[in-house]
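Encoded as structure tokens, the structure appears first; notes follow it.
The values are calculated or read from the model by the stated rules, or taken from the named source; none is laboratory data. Quantities reported herein were computed from a predicted structural model and do not represent experimental measurements. Quick reminder, even Gly has a Cβ in these numbers, built from the backbone with ideal geometry, and neighbours come from all protein chains shown.
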């Protein structure tokens, strides 16, 4: 049962961390639920009898836990890789955006 949960966790973690693909999680946590279903499906293939609902829930929850620990380093790596691109896009969309900011010593006076 560990192998299906690990594969489901990889599915959850990698797809949730990808920049555009990860946005599908806004649709009812699509990749998280799909990863749990995928893990339960794989666990059912390895058994001669059908999976009980409790076994499916355990495999799905295990896939979710593994997916959380896979997501953390993948998301950090994607953030590091995408931040120069994001800064370039913001600079293109908003040229001279630093000029409109008040000097740092005036920020305390605004509040």
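Which residues, taken from the stretch 8-37, are surrounded by 23 or more Cβ atoms within 10 Å (Cβ to Cβ), more than 9 Å from the chain's Cα centre (by Cα) and modelled with pLDDT under 95?
None; the set is empty.
Within the stretch 65-74, identify whether any single residue is touching a residue at least 24 places away in the same chain (Cβ under 8 Å) and farther than 12 Å from residue 17 by Cα, and answer yes or no.
yes
Just the residues that are in a helix (DSSP H, G or I) and farther than 9 Å from residue 5 by Cβ, please, taken from the stretch 41-63.
41, 44, 45, 53, 54, 55, 56, 57
Which of the residues that make up the stretch 39-56 are surrounded by 14 or more Cβ atoms within 10 Å (Cβ to Cβ) and over 17 Å from residue 69 (Cβ atoms)? Talk me through it step by step, then tell me what you get.
Our first condition is that a residue be surrounded by 14 or more Cβ atoms within 10 Å (Cβ to Cβ); within the stretch 39-56, this holds for 39-44, 51, 55-56.
Across the stretch 39-56, the qualifying residues are 40, 41, 42, 43, 44, 51, 55, 56.
In this structure, is residue 33 free of Cβ contacts under 8 Å to residues at least 24 places away in the same chain and in a helix (DSSP H, G or I)? Break it down into steps so the answer makes sense when it comes.
On the way: free of Cβ contacts under 8 Å to residues at least 24 places away in the same chain: yes; in a helix (DSSP H, G or I): yes.
Yes.
Identify, by number, the condition in (1) modelled with pLDDT under 60; (2) surrounded by 10 or more Cβ atoms within 10 Å (Cβ to Cβ); (3) not in a loop (DSSP other than H, G, I, E, B) that residue 97 doesn't meet.
The one condition residue 97 does not meet is (3).
May I ask you to say which residue of 5, 68 is at pLDDT 90 or above, in a helix (DSSP H, G or I), surrounded by 19 or more Cβ atoms within 10 Å (Cβ to Cβ) and in contact with a helix residue (DSSP H, G or I) (Cβ under 8 Å, 6 or more places away or on another chain)?
On the way: 68 fails: surrounded by 19 or more Cβ atoms within 10 Å (Cβ to Cβ).
None of the other options fit; the residue is 5.
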